Amino acid sequence: MLRGHRPVAFRAPSGYRRPTVLDLSTAPETATPPLRMADFDFALPERLIAQAPARPRDSARLLVVPPTGPFEDRIVRDLPALLAPGDLLVVNDTRVIPARLRGRRGAAHVELLLNRAEGGGIWQALVRNARRLRPGDQVDIEGAAGCSARVVEHLGEGAVRLDFGPDPAALADALERAGEVPLPPYINRPGGPRPEDAADYQTVFARVPGAVAAPTASLHFTETLLAALEARGVRRTTVTLHVGAGTFLPVRTEDPRAHRLHSEWGEVTEEAAARIAAARRAGGRIVAVGTTALRLLETATAETGVVQPFRGLTDLYILPGHRFRTADLLLTNFHLPRSTLFMLACAFAGTARMRAAYAHAIERDYRFYSYGDATLLHRSDTP
């Protein structure tokens with residue numbers, strides 16, 4: 001059992017709404033140049049992959065990327081000075097669950113990474129050695145006596161649908177006893193997550209359990225920083241997007257448009273939508289804290305550009321050429337090469353601009369990925 005976890009109950013998604021899908025195949029050929037995976041590739045020295053967060057969290061470095069001109073080397077604690085009274089932070093309040101489990105089907109060992117709750121005890125999961133499982137098989141969870149899951153069906157690419165039974169409290173207890181924090185594979189933990197990872201890989205905003213990966217831009221916030229932002233007149237609202245296991249999956253196609261994202265469950269409440277609209281009317285800027293918050297905002301936005309209440313699934317895949325209708329700034333970490341998250345950052349700030357910013361960061365030894373440093377990106381209309 002990992003120290004620092006408390007049993008949690010899971011809120012099953014409901015009220016499905018058809019996700020917004022970005023389809024570049026119908027865009028005019030002159031809208032953007034052809035996309036190639038090579039445009040989103042770069043070499044990163046392994047020594048720059050952060051293995052632990054900065055302490056305190058808001059002492060992490062912050063690279064400010066305006067649309068033009070020089071970059072600014074700051075720290076996250078400088079954020080109040082970089083924002084203005086009336087600006088609105090939109091943060092993701094999802095809570096990471098200890099979603100990695102080990103199980104047995106007879107003598108066969110399997111590893112499960114829970115991905116998304118479907119309600120009634122049904123979960124989608126990524127399974128190592130999924131070929132060993134057949135519909136109807138029972139998987140007994142190691143370290144949680146009495147907890148098992150029935151294989152409902154194979155979904156392809158190592159994913160299965162599992163039935164843990166109708167009692168969410170029983171599964172929450174099993175995760176508390178036997179689950180591990182699902183750290184990304186680039187965080188080196190040969191013996192499994194350390195006790196401190198249970199707190200390090202959780203944000204100060206975490207409230208609604210269901211994510212299997214942290215919205216890592218929010219990992220930089222502390223109560224001290226939040227108090228300074230409030231004193232500055234910077235407001236805050238929350239949305240929920242349960243980050244799924246698909247965030248770990250690489251893009252395997254040379255044409256980025258051929259890749260597909262796994263659906264993730266999210267919610268923008270009426271209160272959050274109203275706060276965003278009020279900030280806009282007052283002339284404040286919308287600051288998306290993390291790519292997850294930005295994707296959800298873009299999903300929930302009507303053609304008029306107004307963010308609406310939303311509750312359902314989104315598989316929105318943002319590539320250069322996307323016209324953003326919500327955020328003016330994006331606070332986000334440094335992302336993997338050839339990843340959908342780096343592509344989103346390029347769509348927001350411009351591909352050439354982001355490549356230059358990452359070259360600047362590598363030259364100056366910024367720390368990359370989940371436990372690494374951050375960027376504050378200003379939106380650009382240049383692809």
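The values are calculated or read from the model by the stated rules, or taken from the named source; none is laboratory data. Worth saying up front: this structure is predicted, and the values here are computed from it rather than measured. Positions of Cβ are backbone-derived with ideal geometry, glycine not excepted, and every protein chain shown enters the neighbour counts. Accessible surface is based on the protein model in full, side chains and every heavy atom, while ligands, DNA and RNA are left aside. Shrake-Rupley method; radii C 1.70, N 1.55, O 1.52, S 1.80 Å.
Observations on the model:
- With only the Cα atoms considered, the range 119-204 has a convex hull volume of 134 Å³ per residue.
- 0 to 90° range, to nearest 10: angle between helix 270-281 axis and the chain longest Cα axis: 10 degrees
- When PHE342, PHE205 are compared by accessible area of protein heavy atoms, the largest-first order is PHE205, PHE342, using a 1.4 Å probe.
- Solvent-accessible area per residue for the chain (1.4 angstrom probe, square angstrom): 44 Å²
- Which of GLU267, GLU46 is most accessible, then next, and so on - probe 1.4 Å: GLU46, GLU267
- Student exercise, the range 204-271 dipole from Lys, Arg, Asp, Glu Cβ charges, in Debye to nearest 20: 140 debye
- Our compactness index for the chain, the C-alpha radius of gyration over the empirical 2.2 N^0.38 Å, is 0.97.
- The tail of the calculated P(r) for the range 224-343, taken as Cα-Cα distances beyond 17 Å, holds 59 percent of the pairs.
- Beta bridges assigned by DSSP with both partners in the chain are antiparallel in approximately 70 percent of cases.
- Volume per residue for the range 36-84 equals 139 cubic angstrom (convex hull of Cα atoms).
- Evaluated with a Cβ-only charge set (Lys, Arg +1; Asp, Glu -1), the chain carries a dipole of roughly 200 debye about its Cα centre, given to the nearest 20.
- Among the protein heavy atoms of the chain, carbon and sulfur supply 50% of the accessible surface, probe 1.4 Å, non-protein parts ignored.
- In the range 90-138, the convex hull through the Cα atoms has an average projected area of 4.5 nm², a quarter of its surface area.
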